[in-house]
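Below is one structure; the comments refer to it alone.
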Amino acid sequence: MSKLYRASIVLGALPLIVGSLVFVFWYFSMMRIFEVIGVFTVLGGLVSVAIGTICLVKFLFQQIDENAPSKILRGKGLLSGGLLASNFLLVVIIFFAVLYLYSTNILTIRNDSSSVISNVTITAPGVQLNTGAIKPGKKKSRRIRHKGDGALQFTAIQNDIEYSGVIEGYVIAGDKYILTVNDVNDFKVRKL
């Protein structure tokens, strides 16, 4: 395998692998550092794809000069060219996934009490979600995609007592919250 062809494959695959890993790490950690790494990955990916495309074109011209069979050239060109072009598709997919994820909030409800929370109803502008029961020592997370401006609130039922509270007075998309219930009507909210 020619060095130019191998370079075009590596330069096409590298940004795909690194970009996918950065997105996965960001998704599960939501750490801002992966956003910065993601921007540099896109910029590095553009350079990588440009150099990979140059390598592929140079390789194809060399093979044409050597009278290589056109079927083999077509296959190699499509494989490497497809790999290089798929980087743009991945960037578009990740871009829209990030836009969607940033238009949502994540609420984690932790039951640190000794009794079951029978249900928690979460309300945000245009949204109402129920968590179902949360056993002592357990937690549930919900992704909330609100439809407008307003408060993020909850109503919980525990030991047949209903209580409620405000998690955030004005919701901004992309925030994460932890609602910790210590006992009936004894809770605290932490914004991450």
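A residue that is in a loop (DSSP other than H, G, I, E, B), small (Gly, Ala, Ser) and over 17 Å from Asp186 (Cα atoms) can be found somewhere in segment 131-144.
Could you grab me the full set of residues in segment 70-119 that are polar (S, T, N, Q) and loosely packed, with under 13 Cβ neighbours inside 10 Å?
Looking only at segment 70-119, we keep the residues that are polar (S, T, N, Q), and these are 70, 80, 86-87, 103-105, 108, 111, 113-115, 118-119.
Of everything in segment 70-119, those that are polar (S, T, N, Q) and loosely packed, with under 13 Cβ neighbours inside 10 Å turn out to be Ser70, Ser103, Ser114.
Only one of the listed residues (Ser86, Ser48) is within 17 Å of Leu4 (Cβ to Cβ) and in a helix (DSSP H, G or I). That residue is Ser48. For Ile157, the stated conditions hold: it is in contact (Cβ under 8 Å) with a residue 24 or more places away in the chain, out of contact with any Lys or Arg (no Cβ under 6 Å at 6 or more places or on another chain) and of a type in the set (A, V, I, L, M).
Any residue in segment 119-128 that is without any contact (Cβ under 8 Å) to a residue 24 or more places away in the chain and either assigned by TED's automatic domain parsing to the domain that holds Val18 or hydrophobic (A, V, I, L, M, F, W, C) (or both)?
Our first condition is that a residue be without any contact (Cβ under 8 Å) to a residue 24 or more places away in the chain; within segment 119-128, this holds for 126-128.
The next check asks that each one be either assigned by TED's automatic domain parsing to the domain that holds Val18 or hydrophobic (A, V, I, L, M, F, W, C) (or both); those that pass are 127.
Looking for residues that are without any contact (Cβ under 8 Å) to a residue 24 or more places away in the chain and either assigned by TED's automatic domain parsing to the domain that holds Val18 or hydrophobic (A, V, I, L, M, F, W, C) (or both), one finds at least one in segment 119-128, hence yes.
Taking segment 22-36 as the range and being surrounded by 11 or more Cβ atoms within 10 Å (Cβ to Cβ) and either within 11 Å of the chain's Cα centre (by Cα) or outside any helix (DSSP H, G or I) (or both) as the test, the residues that pass are Val22, Phe23, Val24, Phe25, Trp26, Tyr27, Met30, Met31, Phe34, Glu35.
Out of all the residues in segment 136-179, which are of a type in the set (A, V, I, L, M, F, W, C) and surrounded by 16 or more Cβ atoms within 10 Å (Cβ to Cβ)? Spell out how you get there, then give the answer.
Just the residues of segment 136-179 that are of a type in the set (A, V, I, L, M, F, W, C), to begin with: 144, 151-152, 154, 156-157, 161, 166-167, 171-173, 178-179.
If the condition is that a residue be of a type in the set (A, V, I, L, M, F, W, C) and surrounded by 16 or more Cβ atoms within 10 Å (Cβ to Cβ), then Ile144, Leu152, Phe154, Ala156, Ile157, Ile167, Val171, Ile178, Leu179 are the ones that fit.
When segment 159-183 is filtered for residues that are in contact with a Ser or Thr (Cβ under 8 Å, 6 or more places away or on another chain) and outside any loop (DSSP other than H, G, I, E, B), the ones remaining, listed by number, are Glu162, Tyr163, Ser164, Lys176, Tyr177, Ile178, Leu179, Val181, Asn182, Asp183.
Pull up segment 37-63, narrow it to residues that are among the β-branched types (Val, Ile, Thr) and within 14 Å of Leu78 (Cα to Cα), then point me to the one that is surrounded by the fewest Cβ atoms within 10 Å (Cβ to Cβ).
So in segment 37-63, the residues among the β-branched types (Val, Ile, Thr) come out as 37, 39, 41-42, 47, 49, 51, 53-54, 57.
In the following step, the residues that additionally are within 14 Å of Leu78 (Cα to Cα) were identified as 53, 57.
Working: Thr53: 17, Val57: 14.
Out of the qualifying residues, it is Val57.
Here is a check on your reading of the model: is Lys191 surrounded by fewer than 15 Cβ atoms within 10 Å (Cβ to Cβ) and farther than 20 Å from Leu99 by Cα? Yes, satisfied.
Within segment 69-76, can one find any residue that is touching a residue at least 24 places away in the same chain (Cβ under 8 Å) and either at negative phi or not in a helix (DSSP H, G or I) (or both)? Yes; the residues of segment 69-76 include at least one that is touching a residue at least 24 places away in the same chain (Cβ under 8 Å) and either at negative phi or not in a helix (DSSP H, G or I) (or both). In a residue-by-residue description of segment 83-100, the property of being closer than 19 Å to Asp175 by Cα and among the polar types (S, T, N, Q) applies to no position. Residues of segment 120-135 that are surrounded by fewer than 13 Cβ atoms within 10 Å (Cβ to Cβ) and small (Gly, Ala, Ser): Gly126, Gly132.
The values are calculated or read from the model by the stated rules, or taken from the named source; none is laboratory data. Only a predicted model underlies this, so the values are computations on that prediction, with no experimental measurement involved. Note that each Cβ is placed from the backbone with ideal geometry, even for glycine, and that neighbours are counted across all protein chains shown.
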